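Below you'll find the structure, written out as structure tokens, and then a few comments.
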Amino acid sequence: MSSRTLPDFPWDSLRPARARAAQHPGGVVDLSIGTPVDPTPDVLRTALAAGSDAPGYPTALGTTDLRLAAANWLQRRLGVTVADPLGDTPSVIPTVGSKELVALLPTLLGLQGGTVVIPEVAYPTYEVGAVVAGLRVLRSDVPPEDVADPVLVWLNSPGNPHGRVLTPDELRAWVAWGRARGVPVVADECYVELGWDVVPTSVLHPAVAGGSHEGLLAVHSLSKQSTAAGYRAGLLSGDPALVTRVWEARRHLGLLVPGPVQAAAAAALGDDAHVELARSRYGARRERLRAAVEAWGGRIEHSEAGLYLWTTRDEDCWTTVDRLADLGIVVAPGSFYGPAGQRHVRMALTATDERVDAAVQRLTA
């Protein structure tokens, strides 16, 4: 693959499985893409409507309300204290969801030449972002000693697709490795509010970062925790020097979060009740689906956090995809996420209770 050739869009290869699943008399249960299906909470919808009189351009920096709400959320929910969010060099800015940031971060940081380190099993957009910037990719779950030209590290905890959570010791090892080489370490923490068996730790937490966020960034999103994927509301926080570099580039490129969305995001970040409601819904679906998958003969690995069950039957992932399609269930093959996922499938918890119950009935029949 050349440095500028993007990989095929992986979801297109699921079309035959979708067509096969559609023949099931009970209809399709789509557990392939983790898109929320529950209603967006009123706290966001009310704030969005109230902010809808927005004749002027929004700011790339983010409104005062949003930056303060984000800093308060980081402290309240994650135990993270960022530098003054209203300072001359910002420590937190809004993003148009998280995917565009992941895809563009190497470019926004102005990285030229070198290697981006990503997890062995990883969200495909980390690789896409490297390719767009003309950079190479190395997959590694431990700090590598054999890469001569690292320019960026992506961590993902809780992980997509497998729900793996990095321990504080593992996070500290990456932080030390990056700082020793002057390489930014960026943690995608979009599922941080959805820990089940463990409580995830942010890379910005003082137990990991020490007394400084130097060289560190964290990415967050309201898509899952606030059931608001359609709003495209995310956050970037951490080292003010790095945040400022990204902010300056975004100003030039016009990567602006709409004003009404910024108002909704500020309201959401100040309200914990709707997040707990989403957690309870997903937790209940997780328990039902997990038991059914295990009864069907699947083995679930990791999955201690996040919105997915990482499942294997010790066979090629596409064989498992076909087995489930025969039951009218669509899942994502693990090969989408790298060679190490070849014998797993990802099953999302983002289906309605009725569709989850349909899947449970089919898996246990």
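Residue check: is residue 179 closer than 30 Å to residue 329 by Cα, touching a residue at least 12 places away in the same chain (Cβ under 8 Å), surrounded by fewer than 23 Cβ atoms within 10 Å (Cβ to Cβ) and out of contact with any strand residue (DSSP E or B) (no Cβ under 6 Å at 6 or more places or on another chain)? When the stated conditions are applied, residue 179 does not pass them. Taking the stretch 232-337 as the region of interest, the helices (runs of 4 or more DSSP H) fully inside it that hold 3 or more residues being surrounded by fewer than 17 Cβ atoms within 10 Å (Cβ to Cβ) and under 21 Å from the mean Cα position of the chain (by Cα) are 273-296. Looking at residue 110, is it part of a loop (DSSP other than H, G, I, E, B), crowded, with 20+ Cβ neighbours inside 10 Å, touching a residue at least 40 places away in the same chain (Cβ under 8 Å) and assigned by TED's automatic domain parsing to the domain that holds residue 154? It is false that residue 110 is part of a loop (DSSP other than H, G, I, E, B), crowded, with 20+ Cβ neighbours inside 10 Å, touching a residue at least 40 places away in the same chain (Cβ under 8 Å) and assigned by TED's automatic domain parsing to the domain that holds residue 154.
Within the stretch 45-80, the set of residues being buried (at least 17 other Cβ atoms within 10 Å of the Cβ), in the same structural domain as residue 95 (by TED's automatic domain parsing) and in a helix (DSSP H, G or I) comprises 65, 66, 67, 68, 69, 70, 71, 73, 74, 78. I'd like to verify a number: residues in the stretch 19-44 that are more than 14 Å from residue 264 (Cα to Cα), in contact (Cβ under 8 Å) with a residue 40 or more places away in the chain and assigned to a helix (DSSP H, G or I), how many? Of the residues in that region, 2 qualify. Looking across the stretch 203-225 at every residue that is in contact with an Asp or Glu (Cβ under 7 Å, 6 or more places away or on another chain) and at negative phi, the one that is surrounded by the fewest Cβ atoms within 10 Å (Cβ to Cβ) is identified as 214. In the stretch 1-44, of all residues being surrounded by 19 or more Cβ atoms within 10 Å (Cβ to Cβ) and touching a Phe, Trp or Tyr at 6+ places or on another chain (Cβ under 8 Å), the one that is nearest to residue 256 (Cα to Cα) corresponds to 44.
The values are calculated or read from the model by the stated rules, or taken from the named source; none is laboratory data. Values in this document were obtained by computation on a predicted structure and should not be read as measured data. A quick note on method: Cβ atoms are made from the backbone with ideal geometry, for glycine too, and the neighbour counts reach across all protein chains shown.
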